[in-house]
Amino acid sequence: MRVEADSLEEWFATAGPRGEDLRLMDELITAHTPDMERSFKDWGFSGAGVGYGTISYRTKAAKEPTIIPVLGLAQQKRHLALYACAVVDGQYLAEKYQARLGRVSCGKSCIRFTRFDNIDEAGFIAMLADVNERYRRGEHLYGQ
């Protein structure tokens, strides 16, 4: 599902009833990642979304690196997603914290949830604090 929106408020509104869940997740992320600047734009994952912090990333096929968010909040057709584009201690962030995040579904770098109430806030806060501290220290957060 590609989401088009010109502002953060419009983006929340495009989510309909799930807009409140996105707001709550955005507030949680913003509160616990003070060193990771929040920005709203089309990051290339399903249209417009909210990114937190940035890292340089280059695929094997790309000639030049691109800038992607460390964390990216997005709307999908059947769920909401937090893309966690970080590897810490040799493990993808989402996989490292999966058992502590509540009733969510995780891929390597994606945390999917249908409602904010399904997440375990304490687990998410621990994950956010970890990645924020590493970002603040300037650690290399993606790849080996």
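The values are calculated or read from the model by the stated rules, or taken from the named source; none is laboratory data. Quantities reported herein were computed from a predicted structural model and do not represent experimental measurements. Cβ sites come from the backbone with ideal geometry, for glycine too, and all protein chains shown count toward neighbours. Only protein heavy atoms, including side chains, enter the accessible area calculation; ligands, DNA and RNA are left aside. Shrake-Rupley method; radii C 1.70, N 1.55, O 1.52, S 1.80 Å.
Below is a table of values for the structure above.
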read-out: Partners for K77 among lysines (Cα-Cα distance below 24 Å; same-chain residues under 8 apart left out); value: K41, K108
read-out: Percentage relative contact order, the range 53-109, counting C-alpha pairs under 8 Å, at least six apart; value: 21
read-out: Anisotropy class of the range 73-144 from Cα gyration tensor, a/c 1.5 cut; value: prolate
read-out: Cα coordinate range in the range 1-70, projected on the principal axes (Å, largest first); value: 41, 28, 16
read-out: For the range 2-98: accessible area per residue (Å², 1.4 Å); value: 51
read-out: Answer label, with Cα extents along the principal axes in Å calculated from the coordinates and candidates [x] 40, 35, 25; [y] 70, 31, 25; [z] 52, 39, 27; value: [x]
read-out: Check: the chain dipole with +1 on Lys, Arg Cβ and -1 on Asp, Glu Cβ, in debye; value: 620
read-out: Relative contact order computed over the chain (Cα-Cα under 8 Å; 6+ residues apart), in percent; value: 21
